[in-house]
Amino acid sequence: MAAGCTQKIRSPLTGGVFHMAEVTVDRVPRQVRDMFNKGCMAFERGNYDYAIDLLLACVEAVPGFLQARKFLRAAEIKLFQEKKGGALSRMTGGLSSMPAYFAAVATLKAGKAQNALLQAEKLLRNDPLNLKYILLFADAAMAAGLPEAAVQTLEVARETYPDDAAIIENLGHLYTQLDQPKLARETFERLCELRPHDPAAIKALKDATARESMARDGWAKVAASGGSYREILKDTEETQLLEQKAKAVLTEKDVDALINEALGRLQADPDNIGHYRELGRLYSQKKDFDAAVDILTKAVEKNPGDPEIDAALANAKIAGMTAKAEALRAQGKTQEAEAIELERDQFRFDNLNERVRRYPQDLKLRYEFGVMLFENDYINEAIQQLQLAQKGLQQRISALYYLGLCFKAKQQYDLAMEQLKKALAEVGTIDE
């Protein structure tokens, strides 16, 4: 441990499988270690701005350096508590950070988890207790193979939001994936207190209780009965498949096993559209986008008019074109890559337009199309879509934000401010 870093930071978790290994201070490059030492010294002296600069550089250079990330979060919270202003300053800060927040969400959706993780860190620098930023960071950390980093941040957030079901549910699943059955069971017990009639929460608690019991008593039962662990599990292959499905980060071998299992179920029940959908997701996860497009095209033929399958097929095609463009860029074929990207963007535009026509009640689609219209300078058309989209709870804040940008582009500043104030009023983390 670096000299001077004696303050205890709460809740580091270790363990689990199939994710990026934690990098300890003695394993990081010397330059990073020196920055970490200086960051710790700055932290202890109360120079939080400088500490954050140094510690953020550490985790940017070595994402698995969890010790630096713990001190980074502590410094951010200390600085935030010192500088915390009133409602007006929170509104101003929230408004200025919204473009960065939406950019980070888009980066994560594009599959660039490491970039999204860094973007989320920069958002947390300015507002480390913002629930939206916290949940975004947790999602990015999971996608980047850093579940312990997600746990660190969620546990700190839970101290501020002890009754937030989203934080508690995420923590419960993380504890399960990190092989912490007791913590998982305790966390899901709390979730069931908050959501006593939620079947998913009840099932999660039952599963966590069973895992804890097996971890505590399983081998003792085997020894007492003279049987084998295989007999206790009853069906080892089925158990392995269930465990693979529950993992936070799957290896290629895990995905192949799940694909084979899904293919078997599809063969046994060829009319079940859910099997096609699952295979499309697994092929996409494996980055075999041609196979994903093929299986999802068959699903569309079997069940035309299913908006979820239509969206999955479009996303697989877009992801496939993105992967081809990236491969061409890596080979130095910039012009060919740009041609594919242009084709991809045109396909996305046309596809969204067509799906909005087919599914006019889908407000999420209208939001996505409205954003694309805005990005392509079709401002009036974007306003039409976004005014409808903001009626949907899920995307209301984002739609209001883009409506504000649209009116700003039209130099209708009063209308722009009206939309942005509505958006800020609905962000639950802003103090009244």
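Key figures
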{"quantity": "Answer from 330, 325, 339 - the residue that is in the same structural domain as residue 296 (by TED's automatic domain parsing) and crowded, with 20+ Cβ neighbours inside 10 Å", "calculated": "325"}
{"quantity": "Selection status of residue 409, surrounded by fewer than 20 Cβ atoms within 10 Å (Cβ to Cβ), within 22 Å of residue 97 (Cβ to Cβ) and hydrophobic (A, V, I, L, M, F, W, C)", "calculated": "yes"}
{"quantity": "Residue 247 at pLDDT below 85 and under 30 Å from residue 314 (Cβ atoms)", "calculated": "yes"}
{"quantity": "Test: residue 369 is surrounded by fewer than 22 Cβ atoms within 10 Å (Cβ to Cβ) and at pLDDT 90 or above", "calculated": "no"}
{"quantity": "Selection from the range 144-188 of residues that are of a type in the set (Gly, Ala, Ser), part of a helix (DSSP H, G or I) and surrounded by 20 or more Cβ atoms within 10 Å (Cβ to Cβ)", "calculated": "149, 150, 157, 172, 184"}
{"quantity": "Residues of the range 38-47 that turn out to be assigned to a helix (DSSP H, G or I) and either surrounded by fewer than 16 Cβ atoms within 10 Å (Cβ to Cβ) or among the charged types (D, E, K, R) (or both), as a count", "calculated": "2"}
{"quantity": "Extreme residue, farthest from residue 308 (Cα to Cα), among residues of the range 342-351 that are surrounded by 15 or more Cβ atoms within 10 Å (Cβ to Cβ) and touching a residue at least 24 places away in the same chain (Cβ under 8 Å)", "calculated": "344"}
{"quantity": "Odd one out for residue 265, checked against (1) under 22 Å from residue 207 (Cβ atoms); (2) at pLDDT 85 or above; (3) out of contact with any helix residue (DSSP H, G or I) (no Cβ under 9 Å at 6 or more places or on another chain)", "calculated": "(3)"}
{"quantity": "Pick from the range 48-75, criterion of a type in the set (Val, Ile, Thr) and part of a helix (DSSP H, G or I), ranking: nearest to residue 118 (Cα to Cα)", "calculated": "59"}
{"quantity": "One residue from 381, 354 being surrounded by fewer than 18 Cβ atoms within 10 Å (Cβ to Cβ), closer than 22 Å to residue 318 by Cα and of a type outside the set (Lys, Arg)", "calculated": "354"}
{"quantity": "Which numbered condition residue 53 fails, given (1) in contact (Cβ under 8 Å) with a residue 24 or more places away in the chain; (2) closer than 19 Å to residue 137 by Cβ; (3) surrounded by fewer than 23 Cβ atoms within 10 Å (Cβ to Cβ)", "calculated": "(1)"}
{"quantity": "Elements of type helices (runs of 4 or more DSSP H) contained in the range 285-401, each with 3 or more residues being more than 25 Å from the chain's Cα centre (by Cα)", "calculated": "289-302, 307-330, 334-358, 379-389"}
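The values are calculated or read from the model by the stated rules, or taken from the named source; none is laboratory data. All figures in this text were calculated on a predicted structure; none of them were measured in a lab. Positions of Cβ are backbone-derived with ideal geometry, glycine not excepted, and every protein chain shown enters the neighbour counts.
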